[in-house]
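Beneath this line is the structure, given in structure tokens, with notes to follow.
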Amino acid sequence: MNGSKSMLKLAAAALSKGLQESPLKSGLAEKGNFCRTVFLTRRYSAECSGKETNPTSKKSDSGEIDVEIPVKFDLHLLESGPSQVTTTNKEELMKIYTDMQIIRRAEIAADMLFKSQMIRGFCHLYDGQEAVSVGLERALSYDDNVITAYRDHGIFLGRGGTVFELFSELMGKRTGCALGKGGSMHLYHREHNFWGGWGIVGTTPPLGAGLAFGQKYEKKPNVTAAIYGDGAGNQGQLFEAQNLAALWNLPLILVIENNHFGMGTAEWRSSKKTTHYDRVSYIPGIKTDGMDVFAVGEAFKLCKEHCLSGKGPITLEADTYRYHGHSMSDPGSTYRSRQEIQGMRQERDPIERVRKIILKEELATNEELKDLDKQIRHEVDEASAKAREAEFPGEEELFANIYKADSGLIVTGCDRKHSKVQMS
Amino acid sequence: MLAAFGKNRALVSSLLRGGNGGDGASAAAVWAVSKRFMSASGDSITVREALNSAIDEEMTADSKVFVMGEEVGEYQGAYKVTKGLLQKFGPDRVLDTPITEAGFTGLGVGAAMYGLKPIVEFMTFNFAMQAIDHLINSAAKTNYMSGGTINVPIVFRGPNGAAAGVAAQHSQCFAAWYGQVPGLKVLVPYDAEDARGLMKAAIRDPDPVVFLENELLYGESFPVSKEVLDPSFTLPIGKAKIMREGSDLTIVTFSKMVGYALKAADELAKEGISVEVVNLRSIRPLDRETINASVRKTSRLLCLEEGWPQHGVCAEICASVVEESFYYLDAPVERICGADVPMPYAANLERLAVPQIDDVIRAARRICFRKQDKRKATA
């Protein structure tokens, strides 16, 4: 315990110098990679001076509500950035609140389903990052493409996937969005141009560049948002995709959900440069507060305009945070402190911010919001129960959909003499 | 007639070289005319011409088809397979890529998911290893993982296997690796008819197709019928072809080795061994039906491939025959494969590393329990 106390002191000292450096550099973490990162919370508090926890909003003359975006956007190769004020109304605010709350409750329910072993394998939860999904949907339409990596539950719900389809897929039921054959990391919603759900880190930038290529080829007035995490930020294929997108002028928004940890490796331990929006000398970028749904929305709005005006790709870095560990097998506390996680919940929770605006502008009472929370929780629980009742895919599904054109195909099971099927 | 034909060919070539995208229609018209001349005179075409014309026709028929790869455009193709396509279809549909396989392959897969029909060229399949994650994890598995929601209508094509004197890093055969993966279709054309029919089928197919060509076959000419030259000509995917019927021994092989097997069969016929040569055309799906039917007829199997023996294509063919047709075999199954070594450079060593016709003949005699130097007069 003495060790951690002295580390805390050193961390506080480092922070008072306004240091962006890693405690590792100041020689704090000697034993393995045990690194208390209390300063992370404080850095944001110092930067935002608590404004985001008491957001400034006011009713305009038309009855709409102007909400201030307290954290300044960082810009790279851009003359002007997104607006620091967004205009909204009661209907929108209630929808934003509801959408984020649904994601939050769904992820908490998924946590419980995993612990009761109804979800198997991997389960990477999105709670804390709701503002990125809901903010994206504020600016993009279902005609725009979205592709993301394996932390995809929140994006799937944002794209209009239902909680029932989500839970079904997580539990491997035939009512899932991929008929139960994909699982947590492979969610899809083709109708709303959500292209998955990808388990291999770093693949979404090139795949997203391909989706954007398709939009340009067919002269569509739409963009592609290719989402990846800070852990993928050093991938070679990202560099290749950036070059191709810029060279061929593709309408691609490269979105980094920077939650500062690639699994258990903090950004300063994996990356020589810990920011992403300003890495490429020929692609402009914006860094936004990823815990502020309005900031994310305004940033995406500008990015979409940029791409549609034929200026090529743009990078959007969302400074966000995941409350859970990397996955359900990670408590999330061996490489970051519980104080840090608590601090984030208290100071930067995306849903709390919107709740405060709703209450301040008297769009709903505390009681009404509590009732709404209860209703959402009830709907999520119902969907969970319904998904638990649903059936697993039939055994014939094992051999189905290997190809789209599989007429006459012979497929064998483990015992090739016993288990052999010819597709019709 | 022939003189006019020759002039038209020159006209076609110059149009293809000099025209811009807008000249496509007239170039296409002349190409079609010259092809009619070719079929009327019972012409041969090279494998290169077969591939080029197949891609050309499919790009003309379907605006979603486009070509992407290193040097496919202004260079006219590293092996000239995409010659003239840039001039005919323009830079929006024939794209020169930077040397970034992982990036442009992923881009191709994304475009295919979106609904376009990319033809991604690898200068050789050795370089596709840089992009293999996208071939397997992004392309092959997606239709299954998405419960049939998202298919990937992409063709990955390029030269595969040994060329001549290009040494270890440029000579690997990847048929076995890709052939193992459910979700891929893997095609291995031999002659011009195969090249045309399979390429057209691959481009039209809604699933990812790995199209393994052979550099040394590009320049070889083969006679083709009018039917083969017709724009509607395709071959079914997953069906092997009996190139030569026989009764004593079945040789199953693919790509360049088909030519070797046919030559070996000619030699073996002189000593009374009647060889049936099966040209696989498709590694996945593998035509086990045709292979086994042939072995049940001849009772003897010799598999032949250029790639390495361990876990190779021949290993799978042998397994299939032993599983399905054991009681029909009069001799153990045998394989002639590439030597179990990285490809050496020296010409004499390279010759020892790749199967030769003599290897095929020796193995055939062994399987037929004939001594090396015994010969029978031809019937």
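The values are calculated or read from the model by the stated rules, or taken from the named source; none is laboratory data. Every value quoted in this text rests on a predicted model; they were computed, and no experiment measured them. Ideal geometry is used to build each Cβ from the backbone, glycine not excepted, and the neighbour counts take in all protein chains shown. Please note that ligands, DNA and RNA were not included when accessible areas were found on the heavy atoms of the full protein model with its side chains. Shrake-Rupley method; radii C 1.70, N 1.55, O 1.52, S 1.80 Å.
Any idea what the dipole of segment B:44-229 comes to, in debye rounded to 20, about its Cα centre with Lys/Arg Cβ at +1 and Asp/Glu Cβ at -1? Mind dumping the intermediate values first?
On the way: 14 positive and 22 negative charges, 65 e Å.
Here the size comes out at about 320 debye.
Specify the residue with the greatest mean-square fluctuation among A:292, A:373, A:152, computed from a Gaussian network of chain A linking alpha-carbon atoms under 10 Å apart.
A:373
What's the FRET efficiency of residue A:83 with residue A:391 using the Cβ-Cβ distance as r and R₀ = 51 Å, to the nearest 0.05?
Approximately 0.55, to the nearest 0.05.
So what does residue A:268 come to for accessible area, using a 1.4 Å probe and Å² rounded to 10?
Rounded to the nearest 10, the figure is 50 Å².
Between A:216, A:404, A:181, where does the largest GNM mean-square fluctuation fall for chain A, given springs only between Cα atoms within less than 10 Å?
Among A:216, A:404, A:181, the largest mean-square fluctuation in the Gaussian network model of chain A belongs to A:404.
Could you compute the FRET efficiency for residue A:378 and residue B:326, with r as their C-beta to C-beta distance and R0 at 56 Å, rounded to 0.05?
0.35
PRE reach from residue A:143 (point 7 Å along Cα→Cβ): which of segment A:159-197 fall under 15 Å by backbone N?
The answer is A:192-193.
Top to bottom by accessible area (1.4 Å), largest first, where do A:371, A:99, A:127 land?
Listed by decreasing accessible area, they come as A:371, A:99, A:127.
Could you give the accessible area per residue of segment B:44-229, probe 1.4 Å, as a whole number in Å²?
Working: 5080 Å² over 186 residues.
On a per-residue basis, segment B:44-229 sits at 27 Å².
Where is the GNM fluctuation largest for chain B (alpha-carbon springs, 10 angstrom cutoff): B:97, B:124, B:253?
Looking only at B:97, B:124, B:253, the largest GNM fluctuation is found for B:97.
Can you list the residues of segment A:184-201 that have at least 20 square angstrom less accessible area with all protein chains present than in their chain by itself, probe 1.4 Å?
Going by heavy-atom accessible area, the residues of segment A:184-201 that drop by at least 20 Å² are A:186, A:188, A:190, A:195, A:198, A:200.
Hey, what number do you get for chain B at 222 nm if only DSSP H runs of n ≥ 4 count, each worth -39500 (n - 2.57), divided across all residues, to the nearest 500?
On the way: 14 runs with 151 residues, N = 379.
Helix contribution divided over all residues of chain B: -12000 deg cm²/dmol.
In segment A:286-354, what percent of the accessible surface is made up of carbon and sulfur (1.4 Å probe, ligands and nucleic acids excluded)?
48 percent
Provide the buried accessible surface between chains B and A in square angstrom, both chains summed, 1.4 Å probe, rounded to the nearest 100.
3900 Å²
Using +1 on the beta carbon of Lys and Arg, -1 on that of Asp and Glu, and nothing else charged, what's the dipole of chain A about the Cα centre, debye to 20? Working shown, then result.
On the way: 54 positive and 57 negative charges, 281 e Å.
Dipole size: approximately 1340 debye.
List for segment A:376-424: residues with 40 Å² or greater reduction in accessible area, all protein chains versus chain alone, probe 1.4 Å?
Residues of segment A:376-424 that lose at least 40 Å² of accessible area once the other chains are added: A:401, A:402, A:403, A:404, A:405, A:416, A:417.
Describe numerically, in nm with one decimal, the distance between label points set 7 Å from Cα along Cα→Cβ at residue B:359 and at residue A:68.
7.8 nm
Within 10 Å of each candidate Cβ there may be at most 13 other Cβ atoms; applying that plus a DSSP loop requirement, which GluC sites (Glu not before Pro) in segment A:204-301 survive? Walk me through the intermediate numbers first.
Numbers: sites: A:218, A:240, A:257, A:267, A:298; in loops: A:218.
Here the sparse-neighbourhood loop sites are A:218.
PRE reach from residue B:227 (point 7 Å along Cα→Cβ): which of segment B:169-204 fall under 18 Å by backbone N?
B:190-201
For chain A, what is the calculated [θ] at 222 nm in deg cm²/dmol (nearest 500), taking -39500 (n - 2.57) for each run of four or more DSSP H residues and dividing by its residue count?
-12500 deg cm²/dmol
Tell me which cysteines of chain B come out unpaired when the rule is another cysteine's Cβ under 4.7 Å.
B:173, B:318, B:337, B:368
What percent of all Cα-Cα pairs in segment B:241-368 falls into each 5 Å bin, going from 0 up to the bin containing the maximum distance?
Per 5 Å bin, starting at 0, the Cα pair percentages come out as 2, 12, 23, 25, 20, 11, 5, 2, 0.
State whether segment B:157-206 is rounded, prolate or oblate according to the following rule on the C-alpha gyration tensor (a ≥ b ≥ c being the square roots of its eigenvalues): a/c under 1.5 gives rounded; otherwise a/b larger than b/c gives prolate, and the remaining case gives oblate.
Oblate shape, in that a/c is at least 1.5 and b/c is the bigger or equal ratio.
With a cut-off of 17 Å, note down the residues of segment A:196-214 whose backbone N falls inside the zone around a label point 7 Å from the Cα of residue A:247 toward its beta carbon.
Within reach of a label on residue A:247, which here means backbone N under 17 Å from a point 7 Å along Cα→Cβ, segment A:196-214 contributes A:205-214.
Could you check how much of the accessible area of segment B:241-368 is carbon and sulfur, as a whole percent, using a 1.4 Å probe?
52 percent
Under 1.5 on a/c is rounded, so check that first for segment A:64-389, then, if it is not, pick prolate when a/b is larger than b/c and oblate when it is not; a ≥ b ≥ c are the square roots of the alpha carbon gyration tensor eigenvalues.
Working: a/c = 1.40, a/b = 1.20, b/c = 1.17.
It comes out rounded by the Cα gyration axes.
Taking +1 at the Cβ of each Lys and Arg and -1 at the Cβ of each Asp and Glu, which of B:249, B:202, A:332 sits farthest along the dipole of the protein assembly as shown towards its positive end, judged by Cα position relative to the Cα centre?
B:249
Give me the distance in nm between label points sitting 7 Å out from Cα along the Cα-to-Cβ direction at residue B:293 and residue B:129, one decimal.
Using points 7 Å along Cα→Cβ, the separation is 3.9 nm.
Only bridges whose two residues both fall in chain B count here: according to DSSP, what percent of them are antiparallel, nearest 5?
Details: 8 of 40 bridges.
Taking every DSSP beta bridge within chain B, about 20 percent pair in antiparallel fashion.
Starting from the residue with the highest accessible area, list B:216, A:254 in decreasing order, probe 1.4 Å.
Of B:216, A:254, the descending order of accessible area is B:216, A:254.
Largest first, what is the accessible-area ranking of A:169, B:324 with a 1.4 Å probe?
B:324, A:169
Show me, for segment B:325-332, the HN-Hα J-couplings you get by feeding each phi into the Karplus relation (A = 6.51, B = -1.76, C = 1.60, θ = phi - 60°), rounded to Hz, glycine and proline as x.
With the stated coefficients, segment B:325-332 comes to 10, 3, 6, 8, 7, 9, 8, x Hz.
Tell me, what ³J(HN,Hα) does each residue in segment B:359-369 have, in order and in whole Hz, if you take phi through Karplus 6.51 cos²θ - 1.76 cosθ + 1.60 with θ = phi - 60° and put x for Gly and Pro?
Result, ordered by residue: 4, 5, 5, 4, 5, 4, 4, 4, 5, 8, 6 Hz.
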